[in-house]
1. Among the residues of the stretch 295-346, count how many are acidic (Asp, Glu) and in a loop (DSSP other than H, G, I, E, B).
2. Go through (1) farther than 30 Å from MET350 by Cβ; (2) open to solvent by less than 20 Å² (accessible area, probe 1.4 Å) and name the single condition THR61 misses.
3. For the stretch 187-228: of the residues being within 24 Å of the chain's Cα centre (by Cα) and of a type in the set (S, T, N, Q), which is most open to solvent (accessible area, probe 1.4 Å)?
4. Residues of the stretch 254-272 being open to solvent by less than 60 Å² (accessible area, probe 1.4 Å), in contact (Cβ under 8 Å) with a residue 60 or more places away in the chain and not aliphatic (A, V, I, L, M), which ones?
5. If you scan the stretch 48-72, which residues turn out to be among the small types (Gly, Ala, Ser) and within 11 Å of the ligand (Cβ to nearest atom)?
6. Could you check the stretch 75-159 for strands (runs of 3 or more DSSP E) lying wholly inside it with 3 or more residues that are within 16 Å of ALA178 (Cα to Cα)?
7. Considering only residues of the stretch 2-30 that are within 18 Å of ASP351 (Cβ to Cβ) and either more than 29 Å from the chain's Cα centre (by Cα) or among the polar types (S, T, N, Q) (or both), which is surrounded by the most Cβ atoms within 10 Å (Cβ to Cβ)?
8. Being within 14 Å of the ligand (Cβ to nearest atom) and either at pLDDT 95 or above or open to solvent by less than 10 Å² (accessible area, probe 1.4 Å) (or both) is true for just one of PHE86, PHE45. Which residue is that?
Amino acid sequence: MQIPLVDLKAQYASIKPEVDEAIQRVLNHTQFILGKEVAEFEAAFAEYLGVKGVVGLASGTAALQLALLACGVRPGDEVITSAFTFMATAEAICQTGARPVFVDIDPRTYTLDPNCVEAAITPHTRAIMPVHLYGQPADMPALAEIAQRRRLWLIEDAAQAHGAEVQGQRCGGLGHLACFSFYPGKNLGAYGDAGAVSGNDETLLAKVRKLRDHGRTAKYEHDEIGYGERLDALQAAVLRVKLRHLEDWTEARRRHARHYTELLETARVITPHEAAGARHVYHIYAIRTERRDDLLKALQAQGIGAGIHYPVPLHRQPAFLKQGYERVSLPVTEQAAREVLSLPLYPELMDEQISRVVAVIKQWSSEAQLTGTGNDRS
Ligand SMILES: *Cc1c(COP(=O)(O)O)cnc(C)c1O
């Protein structure tokens, strides 16, 4: 039995008539750029998030870059962020000419450690960019307090956190702006590249709106140098269909995660931690073991698609080593990068598949014990 890490075909099969109808509607009206489809998705997603506004964009990477620019981040500035994330988080900071300052993470949630953030603030710091990694919200109350006291922008990288909550409030409205990705494999995924910025500050949202469309204020009037980073209507139409199912899919993800965690209680691996008051939406279900590479091989040998998010922290990427980051030391991040392992998780995953994955892990774990090589903390 092959079990993939994610299965986009199973999801399409479950909503095919709705999606096909939405795509056909766009082909019939041929308004492919912005227009009604994009505006309607933006309004629906804003309502879902409980925020004043959403601006649809061409990707999550564009969302990060335009959010930073809207906040006035510019060359010479520093932006504090995590190195335990996808490249785009820090890349967007670099694209504005600012410098990412990587700080360490909490060992249980893998999100920014507020104490490390506070210690890294300098007169050049302009913004803090927490990442809600794997769908678990960062410690937003603590980060918001720091941002307010030190007069810094707080911009959420919510690319993995559609529907995640902190004390009943959805990620997407917890800082000055937030950035979502609708990359196909994300919890809310388009059928191509797409992203959005969300927030409650109309002035900032208007800036993002102008930047995404060539700095335009009227058809042939350009107020400033902008970008071509609009969300396209076909993607918006697909996203609007999928948004109606997001809560059901999120509940399914959370149910599967609980199921894994219960079954793995007796295996010698560390299961995900859920911070108090947080709704984790399990974009990724990551376990942890000191013998990660060995377990990965055991799972792959049985046809189970496991993954590593992320094997190389950003301060250890060649792109950043070239820029003088070799002296940066982040022990918690580096250890997490050596030990995390993502198991198959998607809404359509079946209980038998979860049992099968767990059986392979338990078999591996008992063999490791017999050979005396297992030395995990648990
Ligand atoms: C996916 C992702 C991005 C980038 O989004 P794209 O839509 O692929 O450009 C940024 N940050 C994080 C944490 C992501 O997971």
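1. Summing the residues that are acidic (Asp, Glu) and in a loop (DSSP other than H, G, I, E, B) in the stretch 295-346 gives 1.
2. If we test THR61 against (1) farther than 30 Å from MET350 by Cβ; (2) open to solvent by less than 20 Å² (accessible area, probe 1.4 Å), just (2) comes out false.
3. Across the stretch 187-228, the extreme among qualifying residues is ASN200.
4. HIS256, HIS259, TYR260, ARG268, PRO272
5. Result: ALA58, SER59, GLY60, ALA62, ALA63.
6. Strands (runs of 3 or more DSSP E) meeting the threshold: 78-82, 125-129, 153-157.
7. Per the stated criteria, the residue is GLN11.
8. Unique residue meeting the criteria: PHE86.
The values are calculated or read from the model by the stated rules, or taken from the named source; none is laboratory data. Just so it is clear, the model here is predicted, and its values are computed rather than measured. When we count neighbours, we look across all protein chains shown, and the Cβ atoms used for this are built from the backbone with ideal geometry, even at glycine. Just so you know, the surface numbers come from the protein's heavy atoms only, side chains and all, with ligands and any DNA or RNA stripped out. Shrake-Rupley method; radii C 1.70, N 1.55, O 1.52, S 1.80 Å.
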